[in-house]
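**Q** Could you have a look at this structure, given as structure tokens, before my questions?
The values are calculated or read from the model by the stated rules, or taken from the named source; none is laboratory data. Nothing here was measured: the structure is a model prediction, and the numbers come from that model. No Cβ is skipped: glycine too gets one built from the backbone with ideal geometry, and neighbour counts run over all protein chains shown.
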Amino acid sequence: MIDLVTRDASNDEYKLIMIEGRPWSDAPEQLVQLREKINNYAMFVLDEGLLRAYPESAGHPLCIQLDCVTPPTAEAQELIDVASERLLDYGIRFIVNLLG
């Protein structure tokens, strides 16, 4: 399930926004959940789920944005960095947005 899809009018980019409302911790299950969520978002784009749900997104730049309430832990940041590199291979940016 995708939390939110928006279009950024400033750069015509479609953003798939995932929300982590909990503070980051060292709990292994939080990293597992993050990995699964990143994979789900990537597959939504790569399997053309985004195009089916938002046909107007065709040809636009794409970004997956992780909104979170605290900065990621070192372990979470490592996972984010690996995901960012892999997603760039498909032309998808991955960014972290700290809320508040």
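**Q** May I ask you to list the residues in region 17-31 that are outside any strand (DSSP E or B) and either of a type outside the set (D, E, K, R) or in contact with a Cys (Cβ under 6 Å, 6 or more places away or on another chain) (or both)?
**A** Step one: filter region 17-31 for residues outside any strand (DSSP E or B), giving 21-31.
Passing the criteria: 21, 23, 24, 25, 27, 28, 30, 31.
**Q** Let me ask you something else. Tell me yes or no: at least one residue of region 22-35 is modelled with pLDDT of 95 or more, more than 14 Å from the chain's Cα centre (by Cα), among the aromatic types (Phe, Trp, Tyr) and farther than 18 Å from residue 3 by Cα.
**A** yes
**Q** Condition first: without any contact (Cβ under 8 Å) to a residue 60 or more places away in the chain, outside any helix (DSSP H, G or I), within 22 Å of residue 99 (Cβ to Cβ) and within 13 Å of the chain's Cα centre (by Cα). Can you find one or more residues in region 38-55 that meet it?
**A** Checked against the condition, which is being without any contact (Cβ under 8 Å) to a residue 60 or more places away in the chain, outside any helix (DSSP H, G or I), within 22 Å of residue 99 (Cβ to Cβ) and within 13 Å of the chain's Cα centre (by Cα), region 38-55 yields no hits at all.
**Q** Here is a further query. Go through region 1-44 and give me each residue that's of a type in the set (Asp, Glu), in contact with a helix residue (DSSP H, G or I) (Cβ under 9 Å, 6 or more places away or on another chain) and exposed (fewer than 11 other Cβ atoms within 10 Å of the Cβ).
**A** Residue satisfying the conditions is 26 alone.
**Q** Of all the residues that make up region 78-95, how many are surrounded by 14 or more Cβ atoms within 10 Å (Cβ to Cβ) and closer than 12 Å to residue 62 by Cα?
**A** Total meeting the criteria: 4.
**Q** Out of region 61-78, which residues are in contact (Cβ under 8 Å) with a residue 40 or more places away in the chain and within 14 Å of residue 28 (Cα to Cα)?
**A** Of everything in region 61-78, those that are in contact (Cβ under 8 Å) with a residue 40 or more places away in the chain and within 14 Å of residue 28 (Cα to Cα) turn out to be 72, 73, 75, 76.
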